[in-house]
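Chemist: Got a structure for you, written out below as structure tokens; questions coming shortly.
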Ligand code: ACO
């Protein structure tokens, strides 16, 4: 038995490869560093979908289809927005995605990808008492998201940074949310249901919920000099340092470096403090757990990047979903094409009838 399924191979995939010892991530044959440099969100989605979707491998046609689907999905907003009162950003996204039907998997994949930014942006504006901004079918996905949220076109460097982020986190082996999506897909429940399962798993602080708390940590530390004592006190209290540690990586998460470089192009008020806190945290963690390599994970610089793109911290997990939905949908299609109903075994340790 392996309680956290460590080392258990539950699927074969052509989508991504994570080498946790060397610190490499390959997305459909491309190292993440090259993918982030050369592709935008629609480009990585087309690459991931290649062989599984009619528009896979055809980025321009997929770009147009996603743009049209953003417009189509926005028609649902008047019916959905009243239902999200009182929900936080990720709960609201969960509710709105759950309202999408399970129909034709190819159409549903495009719709799921298109829906995430439309829903996140509409909820932000709804919370401010503002009407949604209509999607622009001709715009890039990242740029249109920022415009739908604020009502004005975003600076190209912000859209580019967001695109880099979305590509960097688009897929990552059989992580918890992708596994959840594949389990649901293995029952043939459908695309929308599988994507909702992925989002539910992503929501937790041990997975996609970490970057908001990373900024909270930087705020609480405040100055570089305060870092060592603050971090030591957290560890002594038995708490985990957010943005550090990973189930697979035993070295620095390669995505952390890609995102750190992207943040360097933006004006981030917290970057100097973050670099010092990262150093202090690595020292503290090495002292705390000399037996267990605990390195920086993707969430640390995700927090810095999304903050510099001027997103509120409650949007960090929903925006993670905006990128990861490319991977979830690809895995669902791969599972449907090649997989088998997932049904592991448990070992009964309870009482037996006398
Ligand atoms: N701070 C302090 N201690 C840690 C940390 C951390 N960030 N991460 C792991 N440890 C400790 C654990 O307490 C555990 O100690 P124990 O054996 O005494 O219980 C030991 O290291 C091993 O940790 P596990 O929980 O077995 O490692 P696992 O592979 O399950 O954890 C995880 C991976 C969940 C990411 C963990 O490192 C963590 O909680 N990190 C903080 C949250 C975070 O940054 N999450 C984002 C991950 S990236 C992503 O999902 C996209």
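Chemist: Is one or more of the residues making up the stretch 202-225 under 14 Å from residue 327 (Cα atoms) and at pLDDT 95 or above?
Modeler: yes
Chemist: Do you know which of the residues in the stretch 318-354 that are more than 25 Å from residue 3 (Cα to Cα) and at pLDDT below 95 is surrounded by the most Cβ atoms within 10 Å (Cβ to Cβ)?
Modeler: 338
Chemist: Kindly indicate whether residue 250 is in the same structural domain as residue 107 (by TED's automatic domain parsing) and either on the phi > 0 side of the Ramachandran plot or within 22 Å of the chain's Cα centre (by Cα) (or both).
Modeler: No.
Chemist: Looking at 168, 164, which is the one that is more than 15 Å from the ligand (Cβ to nearest atom), in contact (Cβ under 8 Å) with a residue 24 or more places away in the chain and under 23 Å from residue 25 (Cβ atoms)? First the steps, then the outcome.
Modeler: Numbers: 168 fails: more than 15 Å from the ligand (Cβ to nearest atom).
Of 168, 164, the one residue that is more than 15 Å from the ligand (Cβ to nearest atom), in contact (Cβ under 8 Å) with a residue 24 or more places away in the chain and under 23 Å from residue 25 (Cβ atoms) is 164.
Chemist: Filter the stretch 268-310 down to the residues that are in contact with a helix residue (DSSP H, G or I) (Cβ under 6 Å, 6 or more places away or on another chain) and assigned to a loop (DSSP other than H, G, I, E, B), then identify the one that is nearest to the ligand (Cβ to nearest atom).
Modeler: Checking each candidate, the answer is 294.
Chemist: Right, here's the next one. Taking the stretch 246-266 as the search range and keeping residues that are out of contact with any helix residue (DSSP H, G or I) (no Cβ under 8 Å at 6 or more places or on another chain) and in a loop (DSSP other than H, G, I, E, B), which one is nearest to the ligand (Cβ to nearest atom)?
Modeler: If we take residues in the stretch 246-266 being out of contact with any helix residue (DSSP H, G or I) (no Cβ under 8 Å at 6 or more places or on another chain) and in a loop (DSSP other than H, G, I, E, B), then 247 is nearest to the ligand (Cβ to nearest atom).
Chemist: Kindly provide the set of residues from the stretch 88-138 that are in contact with a helix residue (DSSP H, G or I) (Cβ under 7 Å, 6 or more places away or on another chain) and without any contact (Cβ under 8 Å) to a residue 24 or more places away in the chain, ordered by number.
Modeler: Result: 95, 99, 131, 133.
Chemist: Which count do you get for residues in the stretch 1-43 that are part of a strand (DSSP E or B), under 30 Å from residue 139 (Cβ atoms) and more than 17 Å from the chain's Cα centre (by Cα)?
Modeler: Total meeting the criteria: 2.
Chemist: Can you tell which of 287, 250 is over 18 Å from residue 20 (Cβ atoms) and surrounded by fewer than 22 Cβ atoms within 10 Å (Cβ to Cβ)?
Modeler: Checking each option against the conditions leaves just 287.
Chemist: Further question on the same structure: Is it the case that some residue within the stretch 127-141 is surrounded by 18 or more Cβ atoms within 10 Å (Cβ to Cβ) and more than 21 Å from residue 46 (Cβ to Cβ)?
Modeler: The answer is yes; a qualifying residue exists.
Chemist: Here's another thing I want to ask about it. Just checking, how many residues over the stretch 231-245 are in a helix (DSSP H, G or I) and either in the same structural domain as residue 180 (by TED's automatic domain parsing) or crowded, with 20+ Cβ neighbours inside 10 Å (or both)? Walk me through how you get there before you give the answer.
Modeler: Step one: list which residues in the stretch 231-245 are in a helix (DSSP H, G or I), which gives 231-236.
Restricting the remaining residues to those that are either in the same structural domain as residue 180 (by TED's automatic domain parsing) or crowded, with 20+ Cβ neighbours inside 10 Å (or both) gives 231.
Here the count works out to 1.
The values are calculated or read from the model by the stated rules, or taken from the named source; none is laboratory data. In this text, all values refer to a predicted model and were calculated from it rather than measured experimentally. Here Cβ is always computed from backbone atoms with ideal geometry, including for glycine, and neighbour counts include all displayed protein chains.
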